[in-house]
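This report concerns only the one structure given below.
The values are calculated or read from the model by the stated rules, or taken from the named source; none is laboratory data. The shown structure was predicted, so the numbers you read here are calculated from the model rather than taken from an experiment. Positions of Cβ are backbone-derived with ideal geometry, glycine not excepted, and every protein chain shown enters the neighbour counts.
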Amino acid sequence: MNALVSLRDVTKRYRSVTAVEGVSLELGAGEVVALVGHNGAGKTTLIKMMLGLIRPSEGAVTVLGADPADARGATARRGLGYLPENVAFHGAMTGRELMRFYAKLKGEPRDRNAELLARVGLEGASGRRVSTYSKGMRQRLGLAQALIGDPRLMLLDEPTSGLDPASRADVYDMIRALKADGATVLVSTHALREIEARADRVAVMHRGRLIALGTVPALRQQAAGDAVVTVKVRPCSTAEVLRRVPEGVRCLSRAEDRLALAVEGGRKMDLIRQLAAMTDLVHDVETETPDLEDVYRRLVRPTEEA
């Protein structure tokens, strides 16, 4: 992997509190990685280390070929775009003035600011003071400033917070465009259903540790939960169907013409083949694939129980 970001055995302690422990993670060029976990799992701490705002207590962080926290990291940081979870801008400035300010901080020309404001839907409000903006508008302004300079790496902390459904879709369209242009995007989010189909990989944080990393299909396999199969049968034939299914299949619910069955993920196809052979009894078969929220719960459950 051509890694733009590399974290090697990174640990961050605050006196007696360990916020992040032993995390190793690489982000490749042109990929979207979702960083998921409960509040306090260590997600924001990881992002702050990538930004060079804090140093790890142990381990090493490399971003765009440099340590972002040392003097040489300043050049690397110019290649970053960052949207914090809670954006805070000076209310007396207009959107246009604020973009001019951030472009100057980043050493970038101001001639694309109007284009970036239009890209996030704020061209009509660029002359208004930020104090008059709604939360969603401030979030859009935060996205616009993060896009200054065509960053190679975007770090987005809850980017859809406070946005309406249409605006949330616009954010993900923007993420897709950034990926198409070769940028790497790390999205820290609680919106698991939204990010599931949009992330190349998912990193699951829990209690400061990285407990899982991979594609959604790979995480489903790792979670190894039961598959649920719903079977529509000939009325009053459920008992016969249950008699014929393989051993180890559990009946979750039963009606006159319908069964909900649970089976280990690795044995799902065996069950489906058995049901398909019951042409005299079975009318239809549907399977439920666990979504990312289900997978997340299954992955963190052993840690919670421990």
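Going residue by residue through the range 169-189, is there one that turns out to be within 19 Å of Arg297 (Cβ to Cβ) and either assigned to a helix (DSSP H, G or I) or not assigned by TED's automatic domain parsing to the domain that holds Leu46 (or both)? No: the range 169-189 contains no residue that is within 19 Å of Arg297 (Cβ to Cβ) and either assigned to a helix (DSSP H, G or I) or not assigned by TED's automatic domain parsing to the domain that holds Leu46 (or both). Within the range 82-106, residues that are at negative phi and free of Cβ contacts under 8 Å to residues at least 60 places away in the same chain sit with their Cβ atoms under 7 Å from residues that are among the basic types (Lys, Arg) and in a loop (DSSP other than H, G, I, E, B), at 6+ positions apart or across chains, in these pairs: Thr94/Arg128; Gly95/Arg128; Arg100/Arg110; Ala103/Arg110; Lys106/Arg78.
A single entry from Glu247, Glu286, Glu256 fulfils the requirement of being in contact with a Pro (Cβ under 6 Å, 6 or more places away or on another chain), of a type in the set (D, E, K, R) and loosely packed, with under 12 Cβ neighbours inside 10 Å: Glu256.
Where strands (runs of 3 or more DSSP E) fall entirely within the range 193-306, those with at least 2 residues that are over 34 Å from the mean Cα position of the chain (by Cα) and touching a residue at least 24 places away in the same chain (Cβ under 8 Å) are at 226-233, 258-264, 282-288.
Are any of the residues in the range 128-143 surrounded by fewer than 18 Cβ atoms within 10 Å (Cβ to Cβ), among the aliphatic types (A, V, I, L, M), more than 30 Å from Tyr14 (Cα to Cα) and at pLDDT below 95? No, the range 128-143 contains no residue that is surrounded by fewer than 18 Cβ atoms within 10 Å (Cβ to Cβ), among the aliphatic types (A, V, I, L, M), more than 30 Å from Tyr14 (Cα to Cα) and at pLDDT below 95. Looking only at residues that are buried (at least 19 other Cβ atoms within 10 Å of the Cβ), of a type outside the set (S, T, N, Q) and under 29 Å from the mean Cα position of the chain (by Cα) in the range 103-127, which one is nearest to Leu163 (Cα to Cα)? It comes out as Val120. Taken residue by residue, the range 101-121 has no member that is part of a helix (DSSP H, G or I), at pLDDT below 95, more than 22 Å from Gly149 (Cα to Cα) and of a type in the set (D, E, K, R).
Does Gly59 fit the bill of being part of a strand (DSSP E or B) and at positive phi?
On the way: part of a strand (DSSP E or B): yes; at positive phi: yes.
Taking the combined requirement at face value, the residue satisfies it.
Which one of Ala66, Ala114 is small (Gly, Ala, Ser), in contact with an Asp or Glu (Cβ under 9 Å, 6 or more places away or on another chain) and farther than 17 Å from Ala183 by Cβ?
Values: Ala66 fails: in contact with an Asp or Glu (Cβ under 9 Å, 6 or more places away or on another chain).
Matching residue, one of Ala66, Ala114: Ala114.
Look through the range 38-67, keep the residues that are of a type in the set (Lys, Arg) and under 26 Å from Ala191 (Cα atoms), and return whichever of them is surrounded by the fewest Cβ atoms within 10 Å (Cβ to Cβ).
Initial filter on the range 38-67 (of a type in the set (Lys, Arg)): 43, 48, 55.
Now narrow it down to the ones that are under 26 Å from Ala191 (Cα atoms): 43, 48.
Numbers: Lys43: 24, Lys48: 21.
The residue in question is Lys48.
Among the residues of the range 257-288, those identified as of a type in the set (S, T, N, Q) and within 17 Å of Ser237 (Cβ to Cβ) are Gln274, Thr279. Residues in the range 1-53 that are β-branched (Val, Ile, Thr) and either part of a strand (DSSP E or B) or in contact with a helix residue (DSSP H, G or I) (Cβ under 6 Å, 6 or more places away or on another chain) (or both): Val5, Val10, Thr11, Val17, Thr18, Val20, Val23, Val32, Val33, Val36. Here Arg77 clears all of (1) at pLDDT 90 or above; (2) buried (at least 16 other Cβ atoms within 10 Å of the Cβ) except the condition numbered (1).
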